[in-house]
Amino acid sequence: MAGPAAVQFLYATGIMLLISLAVFIAISLRTEAPDPEDIQDVVFDKGNWRKESEELKGKAWYANYRVLALGLAILTVGVVIPFI
């Protein structure tokens with residue numbers, strides 16, 4: 001095989017990561033930063049964590065995404081460990 005198909009797929013993932021990082025960094029450096037007020041709802045901070053914690057207190061465990069995420073992480077570890 002010749003051309004791009006000759007690159008082993010594990011190397012290709014690293015190459016794609018480097019290309020993606022270069023594009024991401026270039027775009028970030030060439031554009032101006034957004035107004036902090038515009039991104040306040042999508043940026044993590046302790047205030048958002050506390051506010052969200054208050055909102056989640058009244059919800060059942062199956063409606064609390066943090067409990068579900070923890071359960072999914074435990075399930076993932078439980079499935080992966082037998083293969084190690």
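Derivation of every value follows stated rules applied to the coordinates shown; laboratory data play no part. Please read these numbers as outputs of a predicted model, since none were measured by experiment. Note: ideal-geometry Cβ built from the backbone for every residue, glycine included; neighbour counts use all protein chains shown.
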- Task: Work out the length of the dipole vector of the chain about its Cα centre, built from +1 on the beta-carbon of each Lys and Arg and -1 on the beta-carbon of each Asp and Glu, and round it to the nearest 20 debye.
- Result: 440 debye
- Label selected from (i) 42, 32, 21; (ii) 36, 24, 19; (iii) 60, 48, 16, the criterion being Cα extents along the principal axes in Å as computed here: (iii)
- Using packing as a proxy for protection, rank 34-43, 59-68 so that the peptide with the highest average count of other Cβ atoms within 10 Å comes first. 59-68, 34-43
- Residues whose modelled amide H sits under 5 Å from the amide H of Asn64, counting only those 5 or more places away in sequence or on another chain, are none
- Angle between the chain longest axis and helix 65-80 axis [Cα atoms, degrees, rounded to 10]: 50 degrees
- Whole-number value, in Å³ per residue, for the convex hull of the alpha carbons of segment 36-84 is 109 Å³
- Item | Computed label-point distance, nm, for sites Ala26 and Phe44 using a 7 Å Cα→Cβ extension | 2.9 nm
